[in-house]
Structures are given as structure tokens and as C-alpha cells.
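Please treat every number below as a calculation from the coordinates, not as lab data. Keep in mind it's a predicted model, so treat the numbers as computed, not measured. Here the Cβ is made from the backbone with ideal geometry for all residues, glycine too, and neighbour counts use every protein chain on show.
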Amino acid sequence: MEAGRDVDVVVIGAGQAGLSTAYGLLRQGFEAHTGFVVLDGDAGPGGAWQHRWPSLTLTSTHRVNDLPGLPFAPADPTAPAVESVPAYYAEYERRLDLPVLRPVRVTAVRRTDDDRFRVESDAGAWTARAVVNATGTWTRPFVPRYPGQETFRGRQLHTVDYRSAEEFRGQHVVVVGGGASATQLLGEISRVASTTWVTRREPVWRDGVLDEDAGRAVVAEVERAVREGRRPGSVVGHTGLLTSTPYIRDALDRGVLRRRPMFDRITPDGVEWGDGTSVRADAILWATGFRAAIGHLAPLHLRAPGGGIRMDGTHVAGEPRVHLVGYGPSASTIGANRAGQSAARQLRRLLRPELARTA
């Protein structure tokens, strides 16, 4: 293995979770390039933020949390998040001189005969004593299957495909999903088109802000799922919809957020319910969330019978050298910051106990 290809830790992904982990590894005494590397599949910095729709601004999104060690202080909070957040991430990588290599798309992680890990990619392979997976979910959009889906003559798209409400001007759009993205895009589209909002469950509305007690309860529920090896869902999905959020308040005032239960089938011209009622549609927008992007970990056989990965804190239960940051209870910006640094501390104790604690 050539120089720089054999390290203590390979971090996969350079979004919030990966950069937080890299910061923690530096603080714990791991050397950049020789002690750890960060492999990122994107062409530039920014994680999932570089792929968001242009109308998403810092004033309309959930709060963008600081990366550890460098406050986020955008000059213009009304600027598109797709510009300002990647610029912040790029500055973070530059200031800390992080060993981020891109574009490197990891295809598989395997155990080797000498009890290490071989991280295979389209740019070659690395070997490591430990792996931190921080690939998030953006590359794995989830679209449920419904009868007749293939017959629909209009356009079907997921949140990842959305760019502008102008694409739907004068049309009728069915928006599917009960989360923050669904309500935000519904609010935008409803200004230029007619809309129908459908969700599988009744929306959970939360007045005011998410207080610490409620936040802890949400995280505890997700932690319970990953300890049991079940699919964790998302932290955001458990918090409910905050009526204090400007775009939700505006949509409520305009009467846009009138929810209908999930339809039973898709027809060539729209959607239909079991009672025979139907809605004509030009487009169906699936704001139905994501799944964890962990297919490259399949050779490690980590999945539990419940479909998820059983976790013990940030590491896979029974495998303290494989950490998932940004998975389960750490799948939020604050959670990823804490989890990345926790994983780094654990890996120092495990791999480099001779290093003096610096954080």
C-alpha cells in the first residue's frame, strides 16, 4: 500500500458529520494524511447543502449549526443556502488544513485478513484500523411504491430533484409528505400553482420552539431504535412541525396546509382514494424522506434482523472500530457535531492510547 493509503482512520463523507469527526481526530492527536483521511464523493465542499434548491435561504431553513471551532457568520442571511453553507465548509476545510480527498466515491468496505479494513473506491483503495461512516442520507432519496405509479402521465420527482416553483406554474401538484421539506415546498409551489397535500399520518403540530425536554425525548426514541437494531427514522421526523416557523405560519395563514389522507392508487391523470374520490395532477412531488447511505458497508454484514444496524453510542454494537456519525440519534447538525467528537475520543483511546488527551 502506497504512502498515505494506510492510515489509522478513514472518514467517509465530508458533510457536517465528517468534518466534525475530522476536527475531533485532529484534537485527539491524529495526524492529517498519515493518521487519518476524509474521502468525499462530491466534487466540492458543502455536503448535501451544495445540492439544495436555490430558493432555500438561511432565513427559511432550520438553523445551520456551527462546525466545531469556527462560528458560522454569513454576511447575508437571505442568500441561498446552496451558496453560503458550502462556502463556509470550504473555509473550514482550508483553515484547519483538513485532509479531505475528493471526488472519491467509496464503493465497498471490507475486513482484511490482518484485522484491518480495506476501503475501496473509484480512486483506489485505503487500509485503516478503523472507519467512520459519515455519508448521511441525501444520496438515498426514498419514494414509496403505490399501485398505478408507472401509468402516471405527468411528472414525478423527489425533493432532491426540486429546483424552483416556477416549473409548476399554472399546474396542479400533489405534494406527498409530512415533514419540513414537504411543507416548505408546498408553501412555495402554492403561490404559482394549485396544490393537494397528502400525508400517511396526521401532521403533528408543535407550538413555539422545540424545548430541551422535548428534544431529549425525541433523541431517546431514536437511540432506543438503533440499540435494538431497528431502522432509526430521523430525528427531525420525530419533532413535529413548528407553527412558529415563518414558512409554515405563512402557509397556514393562506389555508394551504389542508391535509388529506394518503391516496390508495395513482392513475394516469392523478391520484385516487379508496372511496372513489380523485384529484387530477400534473405532477407528484415525493417529499418522503431518505434512507441512510450505507450500501458500501454491506460487505461488513452489520445489519440486524430488524433491518437497521444495532448501535452502542456512535459505534456498531460489538465493533468499536466502526462508527456511524450522522446515523440515528446523531442525524442532525447538533447531534453530528457531538457524535463526531465523541467518536474521535473513543478511537484515540482504542487506537492511540499513548496520545495525551487534548480535548
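A simple spin-label model places the labels of Leu350 and Trp273 5.1 nm from each other, with each point 7 Å out along Cα-to-Cβ. The fewest-to-most ranking of Ser342, Ser278, Ser20 by surrounding Cβ atoms within 10 Å reads Ser278, Ser342, Ser20. The ranking of Glu166, Glu120, Glu354 by Cβ neighbour count inside 10 Å, starting from the fewest, reads Glu354, Glu166, Glu120. Phi angles across the range 179-184 convert, under the Karplus curve 6.51 cos²θ - 1.76 cosθ + 1.60 with θ = phi - 60°, into 3J(HN,Hα) values of x, 5, 5, 4, 5, 5 Hz, Gly and Pro given as x.
With the alpha-carbon atoms of the range 1-108 aligned to their principal axes, the span from lowest to highest coordinate is 47, 29, 18 Å, starting with the largest. Among DSSP beta bridges lying fully in the chain, give the percent that are antiparallel, nearest 5. The antiparallel proportion sits near 40 percent. For the range 258-359, a/c is not less than 1.5, where a ≥ b ≥ c are the root eigenvalues of the C-alpha gyration tensor, and a/b tops b/c. That puts it in the prolate class. Ranking Ala281, Ala293, Gly328 by Cα position along the charge dipole of the range 237-336, where only Lys, Arg, Asp and Glu carry charges on their C-beta atoms, puts Gly328 farthest toward the positive end. Here the Karplus curve 6.51 cos²θ - 1.76 cosθ + 1.60, taken at θ = phi - 60°, turns the phi angles of the range 281-286 into couplings of 9, 8, 8, 10, 9, 8 Hz, with x standing for Gly and Pro.
I'd like the FRET efficiency for Ala317 and Asp253, computed as 1/(1 + (r/R0)^6) with the beta carbon distance as r and R0 of 51 Å, rounded to 0.05. The pair Ala317/Asp253 has a calculated efficiency of 0.60. Placing unit charges on each Cβ (+1 for Lys and Arg, -1 for Asp and Glu) gives the chain a dipole about its Cα centre, and among Pro261, Val85, Gly187 the Cα reaching farthest toward its positive end belongs to Pro261. Counting beta carbons within 10 Å around each of His51, His172, His301, His315 and listing the fewest first gives the order His301, His51, His172, His315. Summarising the strand pairing of the range 1-129, around 55 percent of its internal DSSP beta bridges are antiparallel. Using the Cβ of Asp250 as centre and a radius below 11 Å, the other residues enclosed give a net charge of +1, where K and R count +1 and D and E count -1.
Each peptide among 21-32, 136-147 gets the average number of other Cβ atoms lying within 10 Å of its residues, and from highest to lowest they stand as 21-32, 136-147. On the beta carbon distance between Ser194 and Gln149, with R0 = 25 Å, the FRET formula returns roughly 0.70.
Here the extension length gained between Ala75 and Asp114 equals 9.0 nm, from 0.36 nm per residue of separation less the Cα-Cα distance. Under a 5 Å amide H cut-off, with hydrogens placed 1.01 Å from N, Leu56 pairs with Ala81 among residues at least 5 apart or on other chains. What whole-number distance in Å separates the alpha-carbon centres of the range 251-317 and the range 132-159? First find each Cα centre; the distance between them is then 8 Å.
A dipole drawn for the range 63-174 from +1 and -1 charges on Cβ atoms has a positive end, and of Gln156, Ala125, Gly69 the residue lying farthest that way is Gln156.
From its DSSP helices (H runs of at least four residues, each -39,500 (n - 2.57)), the chain gives a residue-normalised ellipticity at 222 nm of -7500 deg cm²/dmol. Taking the chain as a Gaussian network, Cα atoms linked when under 10 Å apart, which of Gly255, Gly308, Gly170 shows the biggest mean-square fluctuation? The residue with the greatest mean-square fluctuation here is Gly255. In order along the range 26-37, phi translates into HN-Hα couplings of 4, 5, 8, x, 6, 7, 4, 6, 8, x, 7, 9 Hz, rounded to whole numbers, per the Karplus curve 6.51 cos²θ - 1.76 cosθ + 1.60 with θ = phi - 60° and x for Gly and Pro.
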